[in-house]
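Reading through the structure tokens given below for one structure.
The values are calculated or read from the model by the stated rules, or taken from the named source; none is laboratory data. In this text, all values refer to a predicted model and were calculated from it rather than measured experimentally. Note that we place each Cβ from the backbone using ideal geometry, even for glycine, and neighbour counts take in every protein chain shown.
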Amino acid sequence: MATLVQDGSRGADREVRRFELGPSRPIVENDATPASASRSVSTRRQSIVFQGMVGRSPAMHRLYRTIARVAPTRATVLVAGETGTGKELVAHAIHSMSDRARRRFVAVNCGAIPATLLDSELFGHERGAFTGAIQSRRGWIETAAGGTLFLDEISTLSQDIQVKLLRVIQERVIHRVGSRAPVEVDFRLVAATNRDLAEEVRRGAFREDLLYRLDGVRVEMPPLTERAV
């Protein structure tokens, strides 16, 4: 079950999406064998995890297998595909099948947040760090502590934010805007893009070293035309 939690005091663009997958309670017939019961549990759990994904084509089955293989690891994941192909659903499924499933899943659409606010949104800020900062606030990276951070439209990040994100990935430490005090962070990163990031690197719009860090495992989304049921 997905619940959208929005903090009205922070505005419409600042929202945390918490997806909590509760313990599975399948109904198993009394005469079922342990093996069949195990298959029943696995099938029902996967139906929950992959909820919202449509398609039984070979391409979609490859996608499901990739998610199941990647989810238990600690690898950073880059989901690439056209707009509307369900990249956030993939990130959610990876989170739900990982050992972080009971912690927060935080989804941030980088392209929907003004560049002037994104620094504070991601990394947080201290009171007085800038005009209007009347109190300290955690950013989305801190909010995702122990869980999964999903950064959609990663290609829209400015060069300055790219540098800061790269340092966070490498050092697992952030610095809030207006503070020099390091804050340790533990989260799994899943990023998504609808652009060719290699081409963005060639154009000078995206850092090659950041792409290298993000591209630990790449998940290619099948186009909608390849999802026949």
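Things to note:
- Cβ pairs under 7 Å, 6+ apart, first in the stretch 187-198 and touching a residue at least 40 places away in the same chain (Cβ under 8 Å), second surrounded by fewer than 22 Cβ atoms within 10 Å (Cβ to Cβ) and of a type in the set (Lys, Arg): Arg188/Arg74; Arg188/Arg100
- Filter result for Glu153 (of a type in the set (Asp, Glu), in contact with a Pro (Cβ under 9 Å, 6 or more places away or on another chain) and modelled with pLDDT of 95 or more): no
- Test: residue in the stretch 180-200 that is modelled with pLDDT under 95 and out of contact with any His (no Cβ under 8 Å at 6 or more places or on another chain): yes
- Index of the failed condition, Ala205 passing every other in (1) modelled with pLDDT of 95 or more; (2) farther than 21 Å from His92 by Cβ; (3) surrounded by 14 or more Cβ atoms within 10 Å (Cβ to Cβ); (4) touching a strand residue (DSSP E or B) at 6+ places or on another chain (Cβ under 7 Å): (4)
- Gly124 being in contact (Cβ under 8 Å) with a residue 40 or more places away in the chain, out of contact with any Pro (no Cβ under 9 Å at 6 or more places or on another chain), farther than 18 Å from Ala91 by Cβ and buried (at least 22 other Cβ atoms within 10 Å of the Cβ): yes
- Total residues in the stretch 98-121, condition aliphatic (A, V, I, L, M) and crowded, with 21+ Cβ neighbours inside 10 Å: 4
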